[in-house]
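Okay, so here's the structure we're looking at.
Any read-out appearing in this document is the output of simple, stated calculations on the displayed coordinates, not a laboratory observation. Just so we're clear, the structure is a prediction, and the values are computed from it rather than from any experiment. Using ideal geometry, Cβ is built from the backbone for each residue, glycine included, and neighbour counts are taken over all protein chains shown.
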Amino acid sequence: MEIRVGYELIYDCPQPTPMMLVLNIHYSRASDIVVPDHVTTIPSVPLSPYRDGFGNWCTRLVAPKGQIRIASTAIVKDSGEPDIVAPSAQQHSIQHLPEESLGFLLGSRYCDTEKFSEVAWSLFGQTSHSAMSMPAPQRPHGKRSMSGEASAAITRIWLSHSVDV
């Protein structure tokens, strides 16, 4: 099956704002990409692609003062089989995690983690441990808004599929 994926992000920036985006399809799916997921912006700004330490394709840009639209659309091939679910998987307490994993739990200097923490606790604070191991479409979710250096309006994120021809 072929799956169409994409997004449209609209930011209002009070001043020119450097951005680092991690929005591309994971490199492990490169052979499945039918139509590439090129990042586009309106207005057009220079984009600098690079790979981070984890192998992810990333994009650097400086958003101009005012509104910027960042978007992409792509098509990937997929078997259509559901992701593997491990119902016996356990969620471990932070104090039991290996030290090499702790760096992934640190806040980012690029976003207001205090605001995101409040949103995360309000959305998921009462979530049972078993709910976090459910397949993605069944996970609890909600709408939220963010503000800070730049405010974003996520206007569209889509997934659609069609049968292979």
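Values computed for the structure shown
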| item | result |
| --- | --- |
| Dipole magnitude of the stretch 76-119, debye to nearest 20 (Cβ charges: Lys/Arg +1, Asp/Glu -1, about Cα centre) | 60 |
| Ranked list, fewest to most other Cβ atoms within 10 Å of each Cβ, for ILE84, ILE42, ILE10, ILE70 | ILE84, ILE42, ILE10, ILE70 |
| Phi-based couplings in Hz for the stretch 56-61 (Karplus 6.51, -1.76, 1.60; Gly and Pro marked x) | 6, 7, 10, 9, 9, 7 |
| Linear extension gain, SER88 paired with MET20, 0.36 nm per residue minus alpha-carbon span | 20.8 nm |
